[in-house]
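*Asks:* Please see the structure below; I have some questions.
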Ligand code: SAH
Ligand code: SF4
Ligand code: F3S
């Protein structure tokens, strides 16, 4: 009888991609997907360690799973608990000490070995197995071809790891050094995704624009060139990439924004702070004006480019003047969307040891001010879309019958009531209304040429 696995995903899109690959490697063992831990024979928590209390939340989730496991044991039924992802990597053996009922602890570079880990866990019940090695070989070479259903909008990992060592961040420790998949492997996987129904692919990497993959001719390809190659795949309508570091935005990639029509005019380009002193202590290796100039160059290449970013407030030593510099940068750039966070000291990172940690209340006040500015910019951007016609790629059924949900070029969710829409359609839609986090519109005649929203 088929076994059922429930994979719960936390954190970034890399984890979303990894969870799908874990399902692929577990499939040959007879595991099919479950929607809930209560229906499952195995639970995988694919965890994130980026900010506060991440590990504590996992331990309390594990407490709930422990009770389920005890019930199953009384009934004589197997129930495996696996912890994967960045908390697994950071905690390692410690996780088995704090939660000895966990069967498998598996880091983000080891999940292609899950079948062997499952076998070991079954052979030594109650002992727990840990695999947090960073192998020299790429796990991507060991992943089976996916047969799972493929959505219209797909994620594809092309790069992993980070060599930047921003002083606040755990990613270089949990994901390891920067590594890029070869060009041919990426293009083959993209073709298979398109053959299975993908119309949009988002290329993923912790530092995706640091991509330096080996090309078919043995030379190293940057991300701009890779995007050019992918754009030639028939049936692939849209390309995106995330997340980028400003330092790795090279001329080829900027040119791709001008030359590759399938590359969508929306870019997540985290800046973190607008203060040069804070950027320096964050080890971001660029100044605020470098970022401004970079955005100018990107907008010269693609005038309708909309931007998104990540911000951290209350980094150690951040003064009122530093914070004001962040507000100024936001005002200068004008974001369509953004994420902002209170600085959260991560054990083992340099910033956690820095003097002048900012009091919680100051962080909260700054975050509220920044978020209200960003919220206003997002509202303005969404309202400016009302009345325009945009090409919308429909990738999900809506909540109501006859309703579909799609994405604008700028990644805004767009609701349309129209029973003729099929998933995978790219239709011109006139935007009728803007809500805080989505738009609503109606399909117009296919003869209407899609307009672009001016930046
Ligand atoms: N590789 C990406 C982002 C990785 S993490 C980049 O370089 O931008 C996603 C976001 O989490 C970061 O951009 C940052 O804004 C936030 N973040 C990371 N560590 C953090 C910390 N210690 N405290 C608060 N926010 C943090
Ligand atoms: Fe973290 Fe900085 Fe690397 Fe991004 S670039 S993953 S913020 S260390
Ligand atoms: Fe979180 Fe790891 Fe991604 S810490 S943000 S899951 S790389």
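*Asks:* With the cut-off at 1.5 for a/c, could you classify segment 149-264 from its C-alpha gyration tensor as rounded, prolate or oblate? Mind dumping the intermediate values first?
*Replies:* Numbers: a/c = 1.70, a/b = 1.46, b/c = 1.16.
The shape class here is prolate.
*Asks:* Once label points are set 7 Å from the Cα along Cα→Cβ at both residue 399 and residue 368, what is their separation, rounded to one decimal in nm?
*Replies:* Label at residue 399, label at residue 368, 2.8 nm between them.
*Asks:* Now for a different question. Under 14 Å from the 7 Å Cα→Cβ point of residue 255, by amide nitrogen: which residues of segment 287-307?
*Replies:* Zone members listed by number: 301.
*Asks:* Take every DSSP beta bridge whose two residues both sit in the chain, then give the antiparallel share in percent to the nearest 5.
*Replies:* On the way: 23 of 67 bridges.
Counting only bridges with both partners in the chain, antiparallel ones make up about 35 percent.
*Asks:* Please give the Cα centre distance for segment 264-332 versus segment 143-165, rounded to the nearest Å.
*Replies:* A separation of 27 Å, based on Cα centres.
*Asks:* May I have the extent of the alpha carbons of segment 389-443 along their three principal axes, as whole Å values ordered from largest to smallest?
*Replies:* 23, 20, 16
*Asks:* Can you tell me the order of 178-186, 331-339 when each peptide is scored by its average per-residue count of other Cβ atoms within 10 angstrom, highest first?
*Replies:* Numbers: 178-186: 19.7, 331-339: 17.4.
Output ranking for 178-186, 331-339: 178-186, 331-339.
*Asks:* Tell me the Kirkwood radius of segment 299-455: reciprocal of the mean inverse pair distance over distinct alpha-carbon atoms, in Å. Show your work: numbers first, answer last.
*Replies:* Numbers: mean 1/r = 0.0562 Å⁻¹.
17.8 Å is the Kirkwood radius here.
*Asks:* Next question. So what is the calculated 222 nm ellipticity per residue for the chain, using -39500 (n - 2.57) for each DSSP H run with n of 4 or more, over all residues, to the nearest 500 deg cm²/dmol?
*Replies:* On the way: 13 runs with 152 residues, N = 455.
Only helices count here, giving -10500 deg cm²/dmol.
*Asks:* In percent, what relative contact order does the chain have, based on Cα pairs under 8 Å that are 6 or more apart in sequence? Write out the running numbers ahead of the final one.
*Replies:* Values: 915 pairs, mean separation 43.3, N = 455.
With pairs under 8 Å counted, the relative contact order is 10 percent.
*Asks:* Going by the alpha-carbon gyration tensor, a ≥ b ≥ c the square roots of its eigenvalues, is segment 265-384 rounded (a/c under 1.5) or, if a/c is not under 1.5, prolate (a/b greater than b/c) versus oblate?
*Replies:* Working: a/c = 2.24, a/b = 1.57, b/c = 1.43.
Here segment 265-384 falls in the prolate category.
*Asks:* Which of the peptides 65-75, 101-111 is most tightly packed, and how do the rest follow, going by the mean number of other Cβ atoms within 10 Å of each residue?
*Replies:* Details: 65-75: 13.7, 101-111: 23.7.
Put in order of decreasing packing, that is 101-111, 65-75.
*Asks:* Say each of residue 289 and residue 188 gets a label point 7 Å from the Cα, pointing the same way as Cα to Cβ; how far apart are those two points in nm?
*Replies:* 4.9 nm
*Asks:* Related question: In nm, to one decimal, how far is the residue 163 label point from the residue 379 one, both placed 7 Å along Cα→Cβ?
*Replies:* About 4.5 nm, to one decimal.
*Asks:* May I ask you to compute the full-extension gain from residue 300 to residue 361, defined as 0.36 nm times their residue separation minus their alpha-carbon distance, rounded to one decimal in nm? Let's see the in-between values first.
*Replies:* Details: separation 61, 0.36 × 61 = 21.96 nm, distance 4.03 nm.
Full extension from residue 300 to residue 361 adds 17.9 nm.
*Asks:* Starting from 0.36 nm per residue, how many nanometres of slack lie between residue 29 and residue 220 once their C-alpha separation is accounted for?
*Replies:* Values: separation 191, 0.36 × 191 = 68.76 nm, distance 3.69 nm.
Here the segment from residue 29 to residue 220 would lengthen by 65.1 nm.
*Asks:* Further question on the same structure: Counting only C-alpha contacts under 8 Å and six or more residues apart, can you give the relative contact order of segment 149-264 as a whole percent? Kindly include the intermediate steps, with their values, before the conclusion.
*Replies:* Working: 220 pairs, mean separation 31.5, N = 116.
In percent, rounded to a whole number, it is 27.
*Asks:* Can I ask one more? Pull out a ≥ b ≥ c, the square roots of the eigenvalues of the alpha-carbon gyration tensor of segment 87-187, then state rounded if a/c is under 1.5, prolate if not and a/b is larger than b/c, and oblate in the remaining case. If you can, show how the numbers build up before the last one.
*Replies:* Details: a/c = 2.16, a/b = 1.29, b/c = 1.67.
It is oblate, given that a/c is not under 1.5 and a/b is not larger than b/c.
*Asks:* Further question: If I histogram all Cα-Cα distances within the chain using bins 20 Å wide from 0, what percent of pairs lands in each bin?
*Replies:* All Cα pairs considered, the percentages come to 23, 55, 22, 0.
*Asks:* In percent, what relative contact order does segment 265-384 have, based on Cα pairs under 8 Å that are 6 or more apart in sequence?
*Replies:* Details: 163 pairs, mean separation 34.5, N = 120.
Reported as a whole number, the value is 29 percent.
*Asks:* Still on this model: Which peptide among 280-291, 406-417 comes first, and what is the full order, when sorted by highest mean count of other Cβ atoms within 10 Å? Don't skip to the answer; put the middle values down first.
*Replies:* Numbers: 280-291: 17.8, 406-417: 21.4.
Going from most to least packed, we get 406-417, 280-291.
The numbers here are math on the coordinates, done by the rules we state, and not lab data. As the structure is a prediction and not an experimental result, all values here were calculated from the model. A quick note on method: Cβ atoms are made from the backbone with ideal geometry, for glycine too, and the neighbour counts reach across all protein chains shown.
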